[in-house]
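A quick write-up on the structure given underneath.
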Number of protein chains: 2
Amino acid sequence: MKTLSLETIGQQAVTAAQVLSQLDTRTKNEALLAMAQGLTTNEVAILAANQKDMAQAEVNQVKKVMLDRLLLTSERLQAMAAGIRQVATLADPIGQVTSGWQTQDGLQIKQVRVPLGVVGMIYEARPNVTVDAATLTFKSGNAVILRGGKEAIATNIVLANTLRDALTSVGLPADAVQLISDTTHETAQELMQLNDYLDVLIPRGSAKFINMVVDKATVPVIETGAGNCHIYVAEDADFKMALDIIVNAKTQRPSVCNAMEKLVLNSEIAADFLPQLQAALTPYNVTLRGDERAKAILPDIEAATAADWGTEYDDYILAIKVVDNLDEAIAHINRYNTKHSEAIITNNYAYSQQFTKQIDAAVVYVNASTRFTDGFEFGFGAEIGISTQKLHARGPMGLTALTSTKYIAEGNGQIRQ
Amino acid sequence: MKTLSLETIGQQAVTAAQVLSQLDTRTKNEALLAMAQGLTTNEVAILAANQKDMAQAEVNQVKKVMLDRLLLTSERLQAMAAGIRQVATLADPIGQVTSGWQTQDGLQIKQVRVPLGVVGMIYEARPNVTVDAATLTFKSGNAVILRGGKEAIATNIVLANTLRDALTSVGLPADAVQLISDTTHETAQELMQLNDYLDVLIPRGSAKFINMVVDKATVPVIETGAGNCHIYVAEDADFKMALDIIVNAKTQRPSVCNAMEKLVLNSEIAADFLPQLQAALTPYNVTLRGDERAKAILPDIEAATAADWGTEYDDYILAIKVVDNLDEAIAHINRYNTKHSEAIITNNYAYSQQFTKQIDAAVVYVNASTRFTDGFEFGFGAEIGISTQKLHARGPMGLTALTSTKYIAEGNGQIRQ
């Protein structure tokens, strides 16, 4: 892929998007299967490029956890190909009639799902985002402009070329998938301000990275991912259920955005519950931090400072806030949460109603782990990210989040009175 | 209303929004009826303030058309009050369950409509926007921060205080409706960057004004209103239908965004159609501008320059582009339109299908006037604006466009495998 100006890439994306918006589902699925086949056929070249990235990353002393995110293996590549075949089986949202009616003048109006147009994806090291984003935007009829991190650039170039070759092989425009091969900060900056061509920009990566994009972008951004998730345990909670859910939400995969970060606990049960919690979390090496009331019960834990309440640890750390009632719990959560996922453990009907109504978050749980906030767990079959904003899409985003609508109004000569 | 910092106004709005999000429909409707009553009760004070604005505008030699927009009369005030009573009768979108299902783990998920939170409105001279925006955002459970133009500031202050007093009279927080009384550029700039408190900013006014807001805002903006609307007359069109629709779309109210600005005409019928069009538009003093082929048929009309194709006149001017076929027409329209409203006049089934599928616009018409793009004409009962962007809302925006959703997931101890 030779280096093109962002202007050229943008124009090419718009031209490809016009073609994509008109494709039927069968054609798109054939292209997706060709992409999956391409990953298998090009395995040697893809893994060789990935080895180049890995070697460079080791020279640059990239952290071990990052190295693992960057690494592709034959197995991981086959999982990516299987993922593409899975996208081919998903229902196509384009052309769906979402509503329809007749006006007082006899105009027949229908609202129809259409692609957004050109989607920008800006992300950090993981090369699987290249394939996920390209195939999900393609299935929903959008052209995509990809800007991955420099650590994965050799891998990303081979992956993008594989997908582009697959498109060409079925007679579709390769520019439906374009990767910005120049990974300098300047191209990221330019992409964030490519207002003439981009319909939306979706950042994927750390909270810091996403905040930077929200700050600098002039194109519309869908904010994803920051998750400072709370679980409130009410005074009537079933201890076993609460402990099981907390252990799951905190330890099953602490580095992700839907992991639990904070326990809010009713004071009535704190003295009984906290020692059991400590015992349950000890095998997982979870560091506990508590407010004064929690420390009064568990004196050996760390003291939580004011900064803790707003912090997403993404680590084996859990901070504990003791409150006297549900109102206090809701006020604390609404003040510090990132509007991602919050849960209450209770068997009290009124509590469950008040919590789900008053908590401001993309997903509010009663008696379940916050870890379910995920496009696959929600049954969407795929996920382009988890929106933590209120405009356009909120919560796990499947294919529908990558669409817009248009109204079609059919008449027989109507003029306005 | 004393002058407060935008920070204070933002905090007060968030606090009020939390209360508003929990109100039932009956309570909101009672408040709306109190607001309507308030306009009637305060008529003398409102009209006196408006006279002050009018006198100042005349001193400032404001244009006559602007003066008319600024003017309130007893009749106009009663129409505003009737408008509020109408909003009270509209269905409340909040609490609507938009979808619901059970996951493989037995989680019961439902997606529920919730308010956006805090809506900012920034607009020019018309004082009726103050009342429209405040009541529509209120009915949909949002707090609003209003920033009107300096020309209407005396009127706006009395109107906003009237609405706030009505809220207080029914025991609701007055800060659900706040007007920024300082109309310097600095407060507009601050509002456009009030990211910590605003969930969305909606500009209302001229295309130039809206572009300025889109450019400078760091908060999410819903772009409204720019309309360079085309009507394509195919070679098989019924001439009488085409002429009736063009006269309506061009002349019924040329200053609005859904008025026709461009005629795209099939060359086969140009020689027959254009003289009839000229005759039909002459009584309305419409200035015609044509490309070379149109001028060859109507030599006395002005020549359209390249700049014409992208210009929204908002005036009694119509530019004519002659094309050889539908593909050319679609390419021209998709290149120059503002993605607002576009129409085809044809009796050909395949043409109607191709046009509605390939034209990229909020509303695409077959055999009807573009003037129907309007929340009231669409049957939404109200309109906060017409979105010309693809994210969140597209086309006429009713109450639903002022909402978001959240997922509520009810379980009985589910943990993620």
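The values are calculated or read from the model by the stated rules, or taken from the named source; none is laboratory data. Note that the structure is predicted; figures quoted are calculated from it, not measured. Every residue, glycine among them, receives a Cβ derived from its backbone with ideal geometry; neighbour counts consider all protein chains shown. The area values use the complete protein model at the heavy-atom level, side chains included, leaving out ligands, DNA and RNA. Shrake-Rupley method; radii C 1.70, N 1.55, O 1.52, S 1.80 Å.
Can you divide the C-alpha Rg of region A:229-372 by 2.2 N^0.38 Å and report the result to two decimal places?
Ratio of Cα Rg to 2.2 N^0.38 Å: 0.91.
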Relative to the longest principal axis of chain B, what angle (0 to 90°, nearest 10) does the C-alpha long axis of helix B:74-89 take? 70 degrees
So what's the net charge close to B:Ile109: Lys and Arg +1, Asp and Glu -1, counting the other residues with Cβ under 10 Å from its Cβ? -1
For the protein assembly as shown, which whole percent of the accessible surface, found with a 1.4 angstrom probe, sits on carbon and sulfur atoms? 49 percent
Number of partner chain Cβ atoms within 10 Å, mean per residue of A:94-106: 1
Give me the distance in nm between label points sitting 7 Å out from Cα along the Cα-to-Cβ direction at B:Thr27 and A:Thr282, one decimal. 4.8 nm
Computed for region A:229-372: size of charge dipole around the Cα centre, +1 on C-beta of each Lys and Arg, -1 on C-beta of each Asp and Glu, debye to nearest 20, value 360 debye
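Shielding by partners for A:399-409, please: the mean number of other protein chain Cβ atoms within 10 Å of each residue's Cβ.
Partner Cβ neighbours, averaged per residue: 6.
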On a 0 to 90° scale, report how tilted helix A:128-139 is relative to the longest principal axis of chain A, with both axes built from alpha carbons and the result rounded to the nearest 10. 60 degrees
Expressed as a whole number of Å, what is the distance separating the alpha-carbon centroids of region B:324-395 and region B:177-237? 21 Å
Once the label point is placed 7 Å from Cα along Cβ, list for A:Ser169 the distances to the corresponding points in the other copies, in nm, shortest first. 7.3
Filtering trypsin sites (Lys or Arg not before Pro) in region B:1-71 by DSSP loop and by at most 13 other Cβ atoms within 10 Å leaves B:Lys2, B:Lys63
In whole Å, how far is the Cα centre of region B:1-64 from that of region A:118-149? 45 Å
If I take the Cα coordinates of chain B and project them onto the principal axes, what are the three extents in Å, biggest first? 70, 68, 36
Counting only DSSP beta bridges with both residues in region B:229-372, tell me the antiparallel percent, nearest 5. 0 percent
Answer with one residue from A:Ala280, A:Ser181, A:Val322: the one whose Cα lies farthest towards the positive end of the charge dipole of the protein assembly as shown, charges on Cβ with Lys, Arg +1 and Asp, Glu -1. A:Ala280
Once R0 is set to 35 Å, what does the formula 1/(1 + (r/R0)^6) return for the Cβ-Cβ distance between A:Ser255 and B:Asn195, expressed as a FRET efficiency to the nearest 0.05? 0.80
What is the gain in length, in nm to one decimal, between B:Glu302 and B:Lys64 on full extension, counting 0.36 nm per residue of separation less the C-alpha to C-alpha distance? 82.9 nm
Taking the label point as lying 7 angstrom from Cα along the Cα-to-Cβ axis, what are the distances from B:Gly379 to the corresponding position in the remaining copies, in ascending order and in nanometres? 2.9
With respect to the axis carrying A onto B, what is the closest chain A residue by Cβ position, and how many angstrom separate it from the axis? A:His392, 2
Distance in nm between A:Glu328 and A:Val97 label points, each 7 Å along Cα→Cβ, equals 5.6 nm
Compactness ratio of the protein assembly as shown: Cα Rg over 2.2 N^0.38 Å, N = residue count? 1.01
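Using r as the Cβ-Cβ distance of A:Ser5 and A:Lys216, and R0 as 25 Å, what FRET efficiency do you calculate, to the nearest 0.05? It would help to have the intermediate numbers written out before the result.
Numbers: r = 19 Å, r/R0 = 0.77.
So, using R0 = 25 Å, E works out to roughly 0.80.
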Pick out, from A:Ser255, A:Gln358, A:Asn334, the residue whose Cα sits farthest towards the positive end of the charge dipole of region A:229-372, with +1 on the Cβ of Lys and Arg and -1 on the Cβ of Asp and Glu. A:Ser255
Radius of gyration, Dmax [region A:150-296; alpha carbons; angstrom]: 23.0, 69
Averaged over A:242-251, number of beta-carbon atoms from partner chains that fall within 10 Å: 2
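Under the rule of -39500 (n - 2.57) per DSSP H run of 4 or more residues, summed and divided by the residues of chain A, what mean residue ellipticity at 222 nm is obtained, to the nearest 500 deg cm²/dmol?
-13000 deg cm²/dmol
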Chain A: antiparallel DSSP beta bridges as a percent of all, rounded to 5: 30 percent
If r is the Cβ-Cβ distance from B:Ala55 to B:His185 and R0 is 22 Å, what FRET efficiency results, to the nearest 0.05? 0.40
Just how large is the dipole of chain A about the Cα centre, in debye to the nearest 20, putting +1 at every Lys and Arg Cβ and -1 at every Asp and Glu Cβ? 860 debye
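Sorting check: for A:190-198, B:196-204, which peptide has the highest mean count of neighbouring beta carbons within 10 Å, and how do the rest follow?
B:196-204, A:190-198
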Roughly how many debye, to the nearest 20, is the charge dipole of the protein assembly as shown about its Cα centre, given +1 on each Lys and Arg Cβ, -1 on each Asp and Glu Cβ, and no other charges? 260 debye
Net charge contributed by nearby residues that have their C-beta within less than 15 Å of A:Asn412 (K/R +1, D/E -1): -3
List the distances, in nm to one decimal, from the label point of B:Lys64 to the label points of the same position in every other copy, shortest first, placing each label point 7 Å from Cα along the Cα-to-Cβ direction. 8.2
Using the heavy atoms of the protein chains alone and a 1.4 angstrom probe, what is the accessible area of the protein assembly as shown per residue in square angstrom? 39 Å²
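Please give me the summed charge of the neighbours of A:Phe372: other residues whose Cβ is under 13 Å from its Cβ, Lys and Arg +1, Asp and Glu -1.
Taking every other residue near A:Phe372 into account, the sum is -3.
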Summed buried accessible surface, chains A and B, 1.4 Å probe, nearest 100 Å²: 5200 Å²
Quick P(r) readout (region A:8-112; Cα-Cα; 10 Å bins; whole %) gives 12, 24, 27, 21, 9, 5, 2, 0
Helix B:239-251 sits at what angle to the longest principal axis of chain B, using alpha carbons and giving 0 to 90 degrees rounded to 10? 50 degrees
